[in-house]
Amino acid sequence: SPEGAHIYVASYLDGAVAIFGRNGSTGRLAFVGQVKDGVNGVDGIDGASGVAVSPDGAHVYVTAEFESALTVFARNAVTGALTF
């Protein structure tokens, strides 16, 4: 993320995006959660292959090979949580 507080990782086989919090002092990562295709209404990330965060940190974009899709999530800058 632009402020360095979160890292988002695409999981191709799981059709998911993992969310990690980053400690600004040590760089240590802690698992925060995930969004997964088909869970809690999330759709369009089966075969997730790429993740990008908007320059203002407000959105996360995920490309998905199996669905030929680009999915947009709103991002909570404090928690790192993603909303479909």
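The values are calculated or read from the model by the stated rules, or taken from the named source; none is laboratory data. Remember, it's a predicted structure, so these values are computed and weren't measured experimentally. Here the Cβ positions follow ideal geometry from the backbone for every residue, glycine too, while neighbour counts run over all protein chains shown. For accessibility, only protein heavy atoms count, side chains too; no ligands or nucleic acids. Shrake-Rupley method; radii C 1.70, N 1.55, O 1.52, S 1.80 Å.
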Pairs where the first residue, in region 57-84, is assigned to a loop (DSSP other than H, G, I, E, B) and the second is of a type in the set (V, I, T), C-beta under 6 Å, 6+ apart: G80/I19; G80/V32; F84/V42
Candidate set from region 39-54 (those that are open to solvent by 50 Å² or more (accessible area, probe 1.4 Å) and of a type in the set (S, T, N, Q)); member that is farthest from the chain's Cα centre (by Cα): N40
Restricting region 4-23 to residues that are without any contact (Cβ under 8 Å) to a residue 40 or more places away in the chain and small (G, A, S), the residue that is least open to solvent (accessible area, probe 1.4 Å): A16
Region 55-82, subset loosely packed, with under 14 Cβ neighbours inside 10 Å and of a type in the set (S, T, Y), residue modelled with the lowest pLDDT: S68
Residue in region 25-38 that is open to solvent by 70 Å² or more (accessible area, probe 1.4 Å), assigned to a strand (DSSP E or B) and among the aromatic types (F, W, Y) present: yes
Pair list, Cβ under 7 Å, 6 or more apart: region 40-54 residue charged (D, E, K, R), other residue not in a strand (DSSP E or B): D43/D37; D46/G15; D46/D37; D46/F66; D46/E67
